[in-house]
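A.B. asks: Just dropping this structure here.
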Amino acid sequence: MQLSEALLDRLETYFRLLTAWNAKINLTALDLVRDTDKAVDRLLIEPLAAVRHLQPGAANAIDIGSGGGSPAIPMKLARPDVSFTLVEAKTRKCAFLREAGRQLEVDLHVETARYEVLLSRPEFHEAFDVLTMRAVRVEPKILMGLQAFLKPGGEFLLFRGPSAAESQAALMPLLVPQTTYSLVESLQSRLLVLKKREVGPVVPTNA
């Protein structure tokens, strides 16, 4: 992806703001000062690599456990045409996310809630084209809940580290593994793409 000067400036603004707030509240466990290269790779480069894999026509996305705003904010900066809803349970982290939106002049819809609470609200049911999430491990029960946010045919973009297992994702009857992309080689990070089934019953596979 060719990055414009304007995008680079806004990414730098986001990273500086994240660094300043992280000194006061715990937004990320990454060392933003002494290990800047790793932090930039994880928080900025990974989302920019992932944004290339958004499906054509994606109009809105929901990010679960947004924390310090990555991957959602860098993806939003790179794709301003996509609407992002950021879900974070901790009030102080949500305060940062809203301030980041103001500073960067981007429209971020921030929900201060656990995702389980949002599942009870009809307006969130099958409302999104894309769901993004960072996770070391995701249980099938969690996947079953999260898929309810996606429209049929929508995609779940799961950011993974080198040691995260993918086998459990294949157990989900409503989420079909599509492909895995490499994100940042030095981090051995990957993007697992799952697609929500559109219609029809699940047909068991004979052994």
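The values are calculated or read from the model by the stated rules, or taken from the named source; none is laboratory data. Here the structure is a predicted model, which is why all the values come from computation and not from measurement. Because the Cβ atoms are built from the backbone with ideal geometry, glycine has one as well, and the counts that use them run over all protein chains shown.
A.B. asks: In the set Leu86, Leu54, Leu43, Leu32, which member is within 26 Å of Glu155 (Cα to Cα) and either touching a helix residue (DSSP H, G or I) at 6+ places or on another chain (Cβ under 6 Å) or acidic (Asp, Glu) (or both)?
C.D. replies: Working: Leu54 fails: either touching a helix residue (DSSP H, G or I) at 6+ places or on another chain (Cβ under 6 Å) or acidic (Asp, Glu) (or both); Leu43 fails: either touching a helix residue (DSSP H, G or I) at 6+ places or on another chain (Cβ under 6 Å) or acidic (Asp, Glu) (or both); Leu32 fails: within 26 Å of Glu155 (Cα to Cα).
Testing whether each residue is within 26 Å of Glu155 (Cα to Cα) and either touching a helix residue (DSSP H, G or I) at 6+ places or on another chain (Cβ under 6 Å) or acidic (Asp, Glu) (or both) leaves just Leu86.
A.B. asks: Here's something else I'd like to know. Residues in the stretch 115-146 that are touching a residue at least 12 places away in the same chain (Cβ under 8 Å), loosely packed, with under 14 Cβ neighbours inside 10 Å and out of contact with any Leu (no Cβ under 9 Å at 6 or more places or on another chain): how many?
C.D. replies: Number satisfying all stated conditions: 4.
A.B. asks: Which condition number does Val136 fail, the rest of (1) within 16 Å of the chain's Cα centre (by Cα); (2) at pLDDT 95 or above; (3) in a loop (DSSP other than H, G, I, E, B) being met?
C.D. replies: Answer for Val136: the failing condition is (2).
A.B. asks: Is it the case that Glu155 is surrounded by 20 or more Cβ atoms within 10 Å (Cβ to Cβ), out of contact with any Pro (no Cβ under 9 Å at 6 or more places or on another chain) and either acidic (Asp, Glu) or assigned to a loop (DSSP other than H, G, I, E, B) (or both)?
C.D. replies: Values: surrounded by 20 or more Cβ atoms within 10 Å (Cβ to Cβ): yes; out of contact with any Pro (no Cβ under 9 Å at 6 or more places or on another chain): yes; either acidic (Asp, Glu) or assigned to a loop (DSSP other than H, G, I, E, B) (or both): yes.
Taking the combined requirement at face value, the residue satisfies it.
A.B. asks: Can you go through Gly68, Gly101, Gly57 and tell me which one is modelled with pLDDT under 95 and either part of a helix (DSSP H, G or I) or over 19 Å from Leu146 (Cβ atoms) (or both)? Give the steps one after another, and end with the answer.
C.D. replies: On the way: Gly68 fails: modelled with pLDDT under 95; Gly101 fails: modelled with pLDDT under 95.
Criteria check complete, one pass: Gly57.
A.B. asks: Pull up the stretch 70-91, narrow it to residues that are touching a residue at least 60 places away in the same chain (Cβ under 8 Å) and within 17 Å of Phe128 (Cβ to Cβ), then point me to the one that is surrounded by the fewest Cβ atoms within 10 Å (Cβ to Cβ).
C.D. replies: The residue in question is Pro71.
A.B. asks: Restricting the search to the stretch 1-42, which residues are outside any helix (DSSP H, G or I), acidic (Asp, Glu) and under 21 Å from the mean Cα position of the chain (by Cα)? Walk me through it before giving the result.
C.D. replies: Keep residues of the stretch 1-42 that are outside any helix (DSSP H, G or I), which gives 1-4, 23-35.
Filter again for acidic (Asp, Glu), leaving 31, 35.
Asp31 - this is the single residue of the stretch 1-42 that is outside any helix (DSSP H, G or I), acidic (Asp, Glu) and under 21 Å from the mean Cα position of the chain (by Cα).
A.B. asks: Next question, about the same structure. What's the total number of residues in the stretch 104-125 that are more than 17 Å from the chain's Cα centre (by Cα) and not in a helix (DSSP H, G or I)?
C.D. replies: Residues in the stretch 104-125 being more than 17 Å from the chain's Cα centre (by Cα) and not in a helix (DSSP H, G or I): 5 in total.
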